[in-house]
Amino acid sequence: MTAPWKFTAREIVEKPDLFTSGHRACAGCGPAIALRQIMKATRGPTIVTNATGCMEVVSTIYPYTAWKVPWIHTAFENVAANASGIEAALKVLKRKGKLEHKNVDVIAFAGDGGTFDIGLQALSGAAERGHDFLYVLYDNEAYMNTGIQRSGGTPHGASTTTSPGGKVIPGKPQFKKPIANIMVAHEIPYVATASISFWQDLIIKTRRGLEVKGPAFLHVFAPCPRGWRYHTSKTIEISRLAVETCVFPLWEAKYGEYSLSPQSKVVALKPERKKPVKEYLEVQRRFGHLFKPGFRNVIDEIQNITDKRWNQLLKKCNIT
Amino acid sequence: MGMKKKSRSVLSGVHFLSGDLACAEGAIAAGCRFFGGYPITPATEIAERMARRMPEVEGIYVQMEDEIGAIAAVIGASYAGKKAMTATSGPGFSLMQENIGLAVMTEAPLVIVDIMRGGPSTGQPTMPGQQDVMQAKWGSHGDYEIIALTPSSVQEMFDLTIECFNLSEIYRVPVMLLADEIIGHMWERVEIPPAKEIATINRKKPDVSPNEYLPFKPDQNLVPPMACFGEGYHFHATGLTHDETGTPKTVSIEEQSKLVKRLCEKIRKNVDKIVKVEEVMLEDADVAVLAYGITSRAALSAVRKARSIGIKAGLLRLITIWPFPEKLVANIAQQVQAIIVPEMNCGQLVREVERAAKTTAVSLLSKLGEDPHRPIEIVKALRKVTK
């Protein structure tokens with residue numbers, strides 16, 4: 001690899017948006033912020049393939065498009081397979097000397113439904129075959145496009161329309177699938193988690209994902225005001241809280257070697273800075289039922305799984 | 001413990017419901033206690049209702065990782081002895097096709113609801129369509145027969161969902177409820193009768209000992225009595241061609257022919273018992289409209305309007321579209337000069353009508369991607385053919 005890419009805030013601001021305004025995302029939409037930031041990190045000609053989901057719907061409502069790059073909407077389950085095809089074709093064109101550009105990047109976008117659940121098979125296959133593309137999971141932790149149904153990415157205790165918190169269940173009974181770790185287990189060159197609240201980190205990680213040869217997987221935490229039930233002004237605040245409580249720690253794994261990113265490293269080195277998950281849960285009404293008598297133990301369960309996963313991560317990062 | 005909860009399975013009384021919600025209530029009233037879910041517009045509300053309602057009736061809602069998982073889980077639940085269902089729309093229906101074949105081959109009684117939207121591919125998720133009617137019949141590979149019903153009101157979403165379960169239990173076949181987006185999302189008055197007035201049918205159990213049981217030996221109705229997993233009858237269920245014992249027979253010409261023919265015949269021979277239609281003013285009609293689903297409501301209005309201006313029109317509303325009521329359509333074709341088929345597709349069921357009508361003129365009134373047919377459009381077509 002060449003010298004690491006450096007950028008200034010000015011450069012990023014001045015770089016024209018490739019995911020532009022005028023899309024139809026809700027006020028305070030986390031994924032829309034993620035896409036805009038990620039597209040700022042592109043390094044040249046880029047092709048985007050987008051699974052069915054919120055971002056596909058809101059960015060291409062006839063007769064407009066928010067995309068200033070070639071873009072294809074795929075079915076729900078196959079964005080990684082579609083990206084495989086694009087990448088393979090580019091390879092052939094390059095080999096035959098028919099590709100005008102020295103390099104063309106391929107980015108696949110999918111939400112949590114399209115990644116944790118229906119798209120996992122295609123994603124796993126593409127990772128195993130080793131296609132050179134960046135897969136971006138924008139995780140708003142439920143099927144928001146169809147109206148808030150639980151997914152494999154929905155956290156324990158969250159109320160959705162198919163895991164309603166009530167007398168019988170405390171919201172979703174299961175825990176969130178550790179998808180980024182599953183991708184690390186594929187032994188691909190680059191896996192990272194990122195949050196829209198730490199945009200520089202997100203942009204750097206996007207660029208690293210594009211620069212490596214082979215598959216890269218970026219798990220981006222992207223809150224949804226409609227589905228998580230909080231005020232639209234709180235999106236960034238909640239994203240930050242997820243990192244500060246270690247509900248969603250930031251790290252990267254290069255060829256399987258884990259390392260904590262600065263924002264989480266701070267918490268690792270100064271454990272007193274680690275906020276209790278309660279602070280993160282209480283600002284979202286999807287967890288509101290947990291604060292009523294009856295399901296209080298679920299908050300402890302969430303704290304426990306958060307701590308357990310955090311400690312496992314510290315071990316992987318050789319921090320003890 | 002010990003306290004018997006008041007039954008919440010049949011919510012008898014008058015309700016104001018959407019088609020999707022009425023479908024969920026019909027399923028519960030029919031005895032459905034397993035729902036394999038996966039969200040998709042415009043069928044999501046069925047899954048949402050089932051997620052809330054299943055725990056109330058000691059049933060289970062499981063949200064699967066995709067529609068392939070949803071239908072496969074339903075096959076499993078059916079074999080484990082529960083009445084089971086899933087609901088989807090076009091893209092999910094496409095994903096389910098291989099497993100629909102498995103359900104046909106293993107003769108698993110189950111119900112699949114397809115709330116049809118505009119296709120192909122992602123198409124128009126919030127708009128109505130009738131574009132899956134051929135896929136419902138032919139979507140999986142191989143030769144087989146299924147049953148498909150088409151509701152035209154929210155009340156029928158309730159009633160026909162029960163009918164779907166009953167037919168699936170009688171014939172051990174996947175039964176499909178093919179509704180369009182309008183019927184799924186429309187809100188209407190629904191009357192849920194008292195539980196004792198709802199006829200529910202359960203699959204026939206073997207009346208022989210486990211030692212004598214042949215899992216795929218048909219009765220006189222060509223349907224084998226069904227033992228479920230855990231009932232002491234050990235047998236082999238497989239998607240491979242099999243004999244009456246359930247043992248795979250992958251190279252036997254005789255068994256392939258015998259099995260596949262029976263899978264078709266058990267429906268074909270019972271067409272008259274299965275088929276339901278509604279005939280309106282057909283006795284003296286010169287021209288007939290054949291319609292199903294939302295389109296049939298515009299057709300009814302059009303037929304009445306045509307009568308008022310002196311055109312002797314009648315309506316044949318199909319409630320069952322698969323198996324296709326061929327004989328019935330043939331009889332009507334002999335009586336009328338022409339048949340008009342309004343469909344929200346490029347012409348699908350009209351092919352079956354043409355086949356049955358033989359020399360009688362059949363004309364398609366195709367409509368895609370917007371509102372359903374307006375009565376006046378059908379009246380115009382009636383005028384044209386009776387000129």
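Counting only DSSP beta bridges with both residues in chain B, what percent are antiparallel, rounded to the nearest 5? The partial results should precede the final answer.
Details: 15 of 50 bridges.
In chain B, DSSP labels about 30 percent of beta bridges as antiparallel.
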Taking beta carbons within 10 Å but only from partner chains, what does the mean come to for residues A:168-174? 1
To the nearest 20 Debye, how big is the dipole of the protein assembly as shown about its Cα centre, given +1 on the beta carbon of each Lys and Arg and -1 on that of each Asp and Glu? 1680 debye
Might you report the magnitude of the Cβ-based charge dipole of region A:9-316 about its Cα centre, with Lys and Arg at +1 and Asp and Glu at -1, to the nearest 20 debye? 280 debye
Please work out how much length the chain gains when fully extended from A:Lys15 to A:Lys265, using 0.36 nm per residue of separation minus the C-alpha to C-alpha distance, in nm with one decimal. 87.0 nm
Residue-normalised 222 nm signal for chain B, counting each DSSP H run of n ≥ 4 as -39,500 (n - 2.57), nearest 500 deg cm²/dmol, is -11500 deg cm²/dmol
Please report the accessible area of A:Ser259 (heavy atoms, 1.4 Å probe, ligands and nucleic acids excluded) in Å², nearest 10. 50 Å²
Note the full-extension length gain between B:Glu370 and B:Glu326 as 0.36 nm times their separation in residues minus their Cα-Cα distance, in nm to one decimal. 12.9 nm
Chain A - convex hull of the alpha-carbon atoms, volume per residue in Å³: 132 Å³
With point charges of +1 on the Cβ of Lys and Arg and -1 on the Cβ of Asp and Glu, referenced to the Cα centre of the protein assembly as shown, which listed residue (B:Asn99, B:Ile112, A:Ser84) lies farthest in the positive direction of the dipole? A:Ser84
Filter the trypsin sites (Lys or Arg not before Pro) in region A:188-228 to those in DSSP coil with at most 12 other Cβ atoms within 10 Å of their Cβ, and list the result. A:Lys213
Listed highest first by mean packing, meaning other Cβ atoms within 10 Å per residue, what order do A:283-291, B:186-194 come in? A:283-291, B:186-194
Report the chymotrypsin sites (Phe, Trp or Tyr not before Pro) located in region A:158-226 that are in a DSSP loop and have at most 11 other Cβ atoms inside 10 Å of their Cβ, or state none. none
DSSP-assigned coil residues among trypsin sites (Lys or Arg not before Pro) in region A:58-103, each with at most 10 further Cβ atoms within 10 Å: A:Lys96, A:Lys98, A:Lys102
Using the Karplus curve 6.51 cos²θ - 1.76 cosθ + 1.60 with θ = phi - 60°, work out ³J(HN,Hα) for each residue of region B:59-72 in order, rounded to whole Hz, and write x for Gly and Pro. x, 10, 9, 10, 8, 8, 7, 6, 6, 5, x, 4, 6, 5
Between B:Lys196 and B:Ser7, what is the label-to-label distance in nm when each label sits 7 Å out along the Cα-to-Cβ direction? 1.0 nm
In region B:111-149, whose amide N lies under 17 Å from the spot 7 Å out along Cα-to-Cβ of B:Gln256? List them in ranges. B:141-144
Scoring only Lys, Arg, Asp and Glu (+1, +1, -1, -1) among other residues with Cβ under 13 Å from the Cβ of B:Val336 yields -2
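Take every residue in peptide A:156-166, count the Cβ atoms of other chains within 10 Å of its Cβ, and give the average of those counts. Don't jump to the answer; show the numbers that get you there.
Working: counts 0, 0, 0, 0, 4, 8, 14, 3, 4, 0, 3.
Averaged over the peptide's residues, the number is 3.
Using a Förster radius of 35 Å, what is the FRET efficiency between A:Val92 and A:Lys6 based on their Cβ-Cβ separation? Nearest 0.05, please. Walk me through the numbers on the way to the answer.
Details: r = 34 Å, r/R0 = 0.96.
Computed FRET efficiency for A:Val92 and A:Lys6 comes out at 0.55.
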Farthest positive-ward along the protein assembly as shown dipole, Cα basis, beta-carbon charges - from A:Leu99, B:Pro342, B:Gly369: A:Leu99
With springs only between Cα atoms under 10 Å, which of B:Arg53, B:Arg317, B:Arg355 fluctuates most in a Gaussian network model of chain B? B:Arg355
Compute the FRET efficiency between A:Gln174 and A:Lys315 as 1/(1 + (r/R0)^6), taking r as their Cβ-Cβ distance and R0 = 25 Å, and round to the nearest 0.05. 0.55
With everything on Cα atoms, drop me the angle between helix B:44-53 and the longest principal axis of chain B, reported from 0 to 90° to the nearest 10. 40 degrees
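Is there a simple number for the mean count of other chain Cβ atoms within 10 Å of the Cβ of residues in A:96-106, and what is it?
Details: counts 0, 0, 0, 0, 0, 0, 0, 0, 0, 0, 0.
Average neighbour count from other chains, rounded to a whole number: 0.
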Once you place label points 7 Å from the Cα toward the Cβ at B:Ser363 and B:Lys380, how far apart are they in nm? 1.1 nm
Cut-off under 5 Å, modelled amide H: who pairs with B:Trp322 long-range: B:Ala148
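How far, in nm, would the chain grow between A:Lys308 and A:Lys234 when pulled straight, counting 0.36 nm per residue and subtracting the alpha carbon separation? Spell out each step's value before the answer.
On the way: separation 74, 0.36 × 74 = 26.64 nm, distance 2.72 nm.
Fully extending the segment from A:Lys308 to A:Lys234 adds 23.9 nm.
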Positive-end residue of A:Gly165, B:Asn221, A:Trp199, charge dipole of the protein assembly as shown with Cβ unit charges: A:Trp199
Give me the angle, in degrees from 0 to 90, between the Cα long axis of helix B:375-386 and the longest principal axis of the Cα atoms of chain B, rounded to the nearest 10. 70 degrees
What residues have an amide H closer than 5 Å to that of B:Ile198, excluding those fewer than 5 places away on the same chain, when H is modeled at 1.01 Å from N in the peptide plane? none
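Considering only DSSP beta bridges with both partners in the protein assembly as shown, what is the antiparallel share in %, to the nearest 5? Let's see the in-between values first.
Numbers: 25 of 85 bridges.
Antiparallel bridges: around 30 percent, rounded to the nearest 5.
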The long-range amide H neighbours of A:Asp105, using H built 1.01 Å from N in the peptide plane and a cut-off of under 5 Å, are A:Thr46, A:Ile47
Shape call for region A:160-211, from the Cα gyration tensor axes a ≥ b ≥ c (a/c under 1.5 means rounded, otherwise prolate when a/b beats b/c, else oblate), comes out oblate
Overall form of the protein assembly as shown per C-alpha gyration tensor (a/c, 1.5; a/b vs b/c): prolate
Using +1 on the beta carbon of Lys and Arg, -1 on that of Asp and Glu, and nothing else charged, what's the dipole of region A:169-291 about the Cα centre, debye to 20? 340 debye
In degrees from 0 to 90, rounded to the nearest 10, what is the angle of the helix B:90-106 Cα long axis to the longest principal axis of chain B? 50 degrees
When DSSP beta bridges are limited to those with both residues in region A:88-247, what percentage is antiparallel, rounded to the nearest 5? 10 percent
Please work out whether region B:13-197 counts as rounded, prolate or oblate from its C-alpha gyration tensor, where a ≥ b ≥ c are the square roots of the eigenvalues and a/c under 1.5 means rounded, while otherwise a/b larger than b/c means prolate and anything else oblate? rounded
In whole angstrom, how far apart do the alpha carbon centroids of region A:71-95 and region B:77-124 sit? 29 Å
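The values are calculated or read from the model by the stated rules, or taken from the named source; none is laboratory data. Given the structure is predicted, the values throughout are model-derived calculations rather than measurements. As a convention, Cβ positions derive from the backbone with ideal geometry for all residues, glycine included, and neighbour counts pool all protein chains shown. Remember, those area values only see protein heavy atoms, side chains included, never the ligands or the DNA or RNA. Shrake-Rupley method; radii C 1.70, N 1.55, O 1.52, S 1.80 Å.
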